[in-house]
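Each value in this text was obtained by applying a stated rule to the coordinates, not by laboratory testing. The structure presented is a predicted model; accordingly, all values stated were derived computationally and were not measured. With ideal geometry, Cβ positions are generated from the backbone for all residues, glycine too; neighbour counts draw on all protein chains shown.
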Amino acid sequence: MSINSRIADEQPTSFAFSAENKKVIKSILAKYPKDRKASAVIPLLDLAQRQHDNWIPMKAIELVAETLDMAEIRVLEVATFYTMFNLRPVGKFFIQACGTTPCWLRGSDDVMRCIHDKLGIKSGETSACGQFSMLEVECLGACVNAPMVQINDDYYEDLDYESTATLIDRLASGDIPPAGSVKGRQGSQPEPGPTSLGEIIDLKTAKTKKPSRKTAGKTRQGGA
Ligand code: FES
C-alpha cells in the first residue's frame, strides 16, 4: 500500500489540540530532556488520533512536528510506519486482524473470511454502513491466544469463523462484548484448564482446595 493511498484526500483546514490535551502534552514532554522532545512523537500522535475521531489529519502531523521541533516528514514517517495510526477516516470499530504465522496457523484466514462475508470489506476498507474498518496487520503480541483481532483498544482472542460473526453482530447492535478470549480462557492458560498449581491453599483455614478454572487463572495471574 503506497503512502498516498493511506492519506485522506479530503483534509480539514486546521487542527488544534484541546485545552485538556495541551495539559497532557505538557506532562508527556516533562518526561524527556528538552533536547529529546522528538521521543514524544508517538504519544502525541496517539493523542491527536484520539481527539480527531480515530484518524490523524495532515494538519495534526504539522502541529506535532512544530510542537516537537521535528521535520514534518519525520513525523509522517512514524505515523505511516505504525499500523495503529490512521491517516484517513475509519469506522467506529477499527478492526486490526492479525495474519502473522501463529494466527494464520490457528485460523486467521477464517476470521478474515468472516469479516469479508459479514461486512463486505477486506484490508484497508470500510463497510458500506460506515461502522467498521478492517486492516490486516502483523503480530499484535497475543499469539498464545491466536487467532485474534484488535478492535479499537481491545483484544478479542481464540476466534474462529462463528465467534467472529457473533462478535461483529454484537458490536453492530451496540452490545460491546468483554475483551479477551471468546472461549473464556483466563490469560493464556491451557484450553482444558490449569495443568499446574492445581490446588490453592486457603491461608485462613490452611486447607487446600481445587480451584475452579476461573479462580485458577486469577490465582496464576496474582489476581484477587
Ligand atoms: S501472530 Fe497473531 S498475535 Fe502474534
* Taking S39 as the residue in question, decide whether it is more than 16 Å from the ligand (Cβ to nearest atom), more than 28 Å from R170 (Cα to Cα), of a type in the set (G, A, S) and over 16 Å from the mean Cα position of the chain (by Cα). => yes
All-but-one check, P33 against (1) out of contact with any Gly (no Cβ under 9 Å at 6 or more places or on another chain); (2) surrounded by 13 or more Cβ atoms within 10 Å (Cβ to Cβ), failing number (2)
Discussion item. Quick check on segment 66-81. Is at least one of its residues among the charged types (D, E, K, R), over 17 Å from M148 (Cβ atoms) and under 16 Å from the mean Cα position of the chain (by Cα)?
Written reply: no
The number of residues in segment 30-64 that are over 26 Å from S133 (Cβ atoms), of a type in the set (A, V, I, L, M) and touching a helix residue (DSSP H, G or I) at 6+ places or on another chain (Cβ under 6 Å) is 1
Flagged in segment 121-159 as surrounded by 22 or more Cβ atoms within 10 Å (Cβ to Cβ), more than 16 Å from the ligand (Cβ to nearest atom) and not hydrophobic (A, V, I, L, M, F, W, C), in numbering order, are S133
